[in-house]
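Only one structure is covered here, and it is reproduced in the block below.
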Amino acid sequence: MITFKEMDKTCFPMYDQVTQNVEIKSEYKVKRVNNGLGGLVLEEEPVTPRIKDLSVYDRACDYEKDFDITNWRVYMAFDGEVPVGALTVAGTTPNLFMLNGRTDACVLWDLRVADAYKHQGVGQGLFDLAKAGAQKDGYKQMIIECQSNNVPACNFYQKQGSVLGKIDMYAYYNDPEVRDDVQLIWYLDL
């Protein structure tokens, strides 16, 4: 039986045990109409299947090195005592670029589900807790980042009622490993 709990920062070593793999079978490719003046179109295209490990980019144990996490909420899912899912919501935080100085919005900073527990409601349970916590904290909107090659996440956020608000084809340009990834920013009205 899966249980869900709000946690504090003492859980970060356990949080980081939850895998953060994305199975990539397709990607949303951005097509520019009239060099972008006619708009942008996202088309899902199959790609050579691969696994992308996002844990190399984000470790909960490192959050406090870069941010004041006083206004952050952390949730975890457990199968017995085993951590199988984790989610972080960043509330009002100075210098958090995704908030652009907003105090009425929060950021879904991280959502991960262990491979063996995907498609079993773990992500949904965590998301529901995060949404309720954000509403309780008085936020009007949740900002969510993902990449165009994480089609399952894009589809999940859309299913939750989020709308795609930004597409940045050069967000990761300075990192050769992910230079071709497209940043997608979703907005969920709370």
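Applying D = kT/(6 pi eta Rh) to the stretch 9-113, where Rh is the Kirkwood radius over alpha-carbon pairs, T corresponds to 4 °C and eta to 1.567 mPa s, the Stokes-Einstein value obtained is 80 µm²/s. The angle separating the long axis of helix 122-136 from the principal Cα axis of greatest extent in the chain is about 80 degrees.
Among the chymotrypsin sites (Phe, Trp or Tyr not before Pro) within the stretch 45-152, those in coil by DSSP and having at most 14 neighbouring Cβ atoms inside 10 Å are Tyr57.
Computed from point charges on the beta carbon alone (+1 for Lys and Arg, -1 for Asp and Glu), the dipole magnitude for the chain about its Cα centre is near 460 Debye. Taking a ≥ b ≥ c as the square roots of the Cα gyration tensor eigenvalues, with a/c under 1.5 meaning rounded and otherwise prolate when a/b beats b/c, else oblate, which class fits the stretch 48-100? Judged from the Cα gyration tensor, the stretch 48-100 comes out oblate (a/c at least 1.5, b/c at or above a/b). Here the stretch 135-152 is scanned for amide nitrogen atoms under 13 Å from the site 7 Å beyond the Cα of Asp104 along Cα-to-Cβ, giving 138-142.
The calculated FRET efficiency for the pair Phe97 and Gln124, based on their C-beta separation and a Förster distance of 25 Å, comes to about 0.35.
For the chain, the calculated P(r), taken from all Cα-Cα distances in 5 Å bins from zero up to the bin holding the longest distance, is 1, 7, 15, 20, 21, 18, 11, 5, 2, 1, 0 percent. Placing a label point 7 Å from the Cα of Asp58 along the Cα-to-Cβ line, the residues of the stretch 124-160 whose backbone N sits under 15 Å from it are 124, 126-128, 130-131, 142-158.
In straight-distance terms, cross-link reach from Lys65 covers every one of the lysines whose alpha-carbon lies under 23 Å from its own, apart from those fewer than eight places away in the same chain; here that gives Lys9.
Every read-out reported here was derived from the displayed coordinates using simple, explicitly stated rules and does not represent laboratory data. Note that the structure is a prediction, hence the values are computed from the model and not measured. In this analysis, Cβ positions are derived from the backbone assuming ideal geometry, glycine residues included, and neighbour counts consider all displayed protein chains.
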